[in-house]
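A quick write-up on the structure given underneath.
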Amino acid sequence: MDNAYVSNLLEKYKKYGNPGMATVMQLMGAVVEKYTEGAIMTDSNGKQYIDFLSGHGAYSLGYRHPKVIAAVTQQLYSIPMSSSKSMLNETVVKLLEKLAHISPGKLTNSFLCNSGTEAVEGALKLARIYTGRKKIVSTINGFHGKTFGALAASGKRAYKKPFKPMIRGFWHVPYDNIEAMDKTVDEFTAAVIIEPIQGEGGVIVPPDGYLKAIREICDKNDALLIMDEVQTGLGRTGYMFGCNHEMITPDIMCMAKALGGGVMPIGAFIATPEVFQPFAENPTLHSSTFGGNPLACAAACAAIDVIIEEKLALKAKTKGEALLGCLKLLQAEFPQILTDVRGRGLLIGLEFANEGIAGNIILELENQGFLALYMLNNPKVIRIEPPLIIEYPHIKSLLGALYDAVKNSEEFLDN
Ligand code: PLP
């Protein structure tokens with residue numbers, strides 16, 4: 001593809017889209033994506049990239065999984081969008097039933113929306129109306145989305161400060177600190193919202209027992225536990241949901257990203273029938289025009305089937321363990337550059353000595369034909385978050401490229 005084609009697209013994006021983002025795209029080499037299949041993205045020059053980013057966890061099934069494409073195509077030619085929420089739709093009901101089957105404990109009643117942040121908004125509203133309380137406790141560096149409620153719950157000041165005042169009633173405690181949580185959750189607390197592993201915070205994996213302790217603190221205070229599984233859910237960490245690792249059941253659970261099978265955007269929150277009751281009593285209290293549209297529901301039904309049939313959670317566990325083991329060896333060889341390696345399943349974080357090194361590694365990997373990116377709330381950490389269908393040869397080639405990139409990063413070390 002000639003350079004004029006690329007610079008024309010970039011100029012138009014700069015003029016009609018976000019000029020700041022256009023600069024970032026330019027720094028990343030002004031790549032034009034053209035075709036995706038499985039774990040591979042091909043650009044306009046025919047260069048192939050192995051995806052170790054998965055759209056921040058959305059492409060767990062890889063790109064254009066044939067079963068998801070077939071389900072969406074079939075739905076497209078019958079009823080892609082429904083006009084009235086007061087009529088039954090078989091695909092929607094199918095999805096609701098599947099969500100209840102795969103979710104832990106007595107979580108049975110879902111509300112369908114279009115994204116992760118919307119799932120969090122709905123969960124927070126439900127917690128407030130169910131308990132009649134206002135206080136929400138979340139964690140420093142947690143990430144729950146960028147709409148106002150989810151932003152208030154998130155724990156990164158830089159994303160919130162320009163938009164103050166935030167919604168009131170949100171408290172933040174350090175992640176992985178049971179004592180701080182215990183001191184903060186009280187009889188005024190509607191809910192604790194927490195990720196089973198902090199994703200954007202830098203892949204912070206809490207020690208075993210942490211989630212159980214949070215569950216107990218909530219129970220002691222009659223507060224609800226909202227588990228944000230938007231990134232960790234649907235097989236990513238080696239379990240269907242991240243909270244399955246400690247076998248705890250939240251009162252409300254949020255999901256999105258991988259739920260759309262990499263083909264459609266969709267989100268959901270699911271609650272116990274008791275907690276869901278206020279929305280059952282008045283179903284118009286919380287609604288969405290496009291939430292639960294049949295096209296997205298068809299994608300989600302197929303995605304859940306594929307995750308189960310292809311044992312993607314188990315694949316994430318075994319491949320994740322193998323990859324983590326190799327990355328730890330790399331860390332042992334270059335401890336000053338690569339300061340930590342951590343994760344569960346195929347949600348892995350590489351922490352570098354500084355942001356400059358992380359940035360350089362991302363660029364070097366891209367040059368070598370790999371997609372990777374830093375974590376939103378912690379730019380020293382690069383995510384290794386491939387589709388769960390990733391193959392061992394892909395992993396092997398990433399490890400080779402990563403070795404070279406880390407070795408070549410010494411010049412970026414602070415003196
Ligand atoms: N919650 C968590 C844990 C996330 O990781 C994200 C996105 O990365 C969100 C919520 C927001 O999801 P979305 O970008 O679909 O709004």
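Descriptive notes on the structure:
- For region 216-237, a tally of residues being touching a residue at least 60 places away in the same chain (Cβ under 8 Å) and either within 16 Å of the ligand (Cβ to nearest atom) or crowded, with 24+ Cβ neighbours inside 10 Å (or both) returns 11.
- Here 208, 222 are screened, and the one residue that is over 17 Å from the mean Cα position of the chain (by Cα), of a type in the set (Asp, Glu), assigned to a loop (DSSP other than H, G, I, E, B) and at positive phi is 222.
- Residue selected from region 185-204 under the condition over 22 Å from residue 55 (Cβ atoms) and in a loop (DSSP other than H, G, I, E, B), by the criterion nearest to the chain's Cα centre (by Cα): 185
- Within region 121-144, if we keep just the residues that are in a strand (DSSP E or B) and either out of contact with any helix residue (DSSP H, G or I) (no Cβ under 9 Å at 6 or more places or on another chain) or not aliphatic (A, V, I, L, M) (or both), the residue that is farthest from residue 189 (Cα to Cα) turns out to be 139.
- The condition of being of a type in the set (A, V, I, L, M, F, W, C), loosely packed, with under 15 Cβ neighbours inside 10 Å and either without any contact (Cβ under 8 Å) to a residue 40 or more places away in the chain or over 20 Å from residue 243 (Cα atoms) (or both) holds for only one of 163, 170, that being 163.
- Where a residue in region 133-144 is on the phi > 0 side of the Ramachandran plot and its partner, wherever it lies, is of a type in the set (Lys, Arg), with Cβ under 9 Å and at least six apart: 141/156
- Residue 92 vs. criteria closer than 20 Å to residue 264 by Cβ and within 16 Å of the ligand (Cβ to nearest atom): no
- Residue 398 vs. criteria surrounded by 20 or more Cβ atoms within 10 Å (Cβ to Cβ) and part of a helix (DSSP H, G or I): yes
- Among (1) at negative phi; (2) more than 16 Å from the ligand (Cβ to nearest atom); (3) at pLDDT 95 or above - the single one residue 26 does not satisfy: (3)
- Region 238-259 - residue that is assigned to a loop (DSSP other than H, G, I, E, B) and within 15 Å of the ligand (Cβ to nearest atom) and, of those, surrounded by the fewest Cβ atoms within 10 Å (Cβ to Cβ): 241
- Hits in region 69-102 - residues which are at pLDDT 95 or above and among the hydroxyl-bearing types (Ser, Thr, Tyr): 73, 77, 78, 91
- Total residues in region 177-201, condition closer than 13 Å to residue 139 by Cα and in contact with a strand residue (DSSP E or B) (Cβ under 7 Å, 6 or more places away or on another chain): 15
- A single entry from 283, 265 fulfils the requirement of being part of a loop (DSSP other than H, G, I, E, B) and either within 16 Å of the ligand (Cβ to nearest atom) or among the charged types (D, E, K, R) (or both): 265.
- Scanning region 205-215 for residues that are surrounded by fewer than 21 Cβ atoms within 10 Å (Cβ to Cβ) and touching a strand residue (DSSP E or B) at 6+ places or on another chain (Cβ under 7 Å) turns up 205, 215.
- Of all the residues in region 145-184, those that are on the phi < 0 side of the Ramachandran plot, at pLDDT 95 or above and not in a helix (DSSP H, G or I) number 15.
- Per-region count, region 107-153, residues surrounded by fewer than 24 Cβ atoms within 10 Å (Cβ to Cβ), aliphatic (A, V, I, L, M) and away from the ligand (no atom under 15 Å from the Cβ): 1
- Here region 48-62 is the region considered, the condition is being part of a strand (DSSP E or B) and surrounded by 21 or more Cβ atoms within 10 Å (Cβ to Cβ), and the residue that is nearest to the ligand (Cβ to nearest atom) is 51.
- Filtering region 24-47 to residues that are surrounded by fewer than 16 Cβ atoms within 10 Å (Cβ to Cβ), without any contact (Cβ under 8 Å) to a residue 24 or more places away in the chain and in a strand (DSSP E or B) leaves 33, 34, 35, 42.
- The single condition among (1) in a loop (DSSP other than H, G, I, E, B); (2) under 18 Å from residue 290 (Cβ atoms); (3) under 23 Å from the mean Cα position of the chain (by Cα) that residue 107 does not satisfy is (2).
- Matching residues in region 88-119 - criterion: being of a type in the set (Val, Ile, Thr) and over 20 Å from residue 230 (Cβ atoms): 91, 92, 93
The values are calculated or read from the model by the stated rules, or taken from the named source; none is laboratory data. In this text, all values refer to a predicted model and were calculated from it rather than measured experimentally. All Cβ positions, glycine included, derive from the backbone under ideal geometry; neighbour counts span all protein chains shown.
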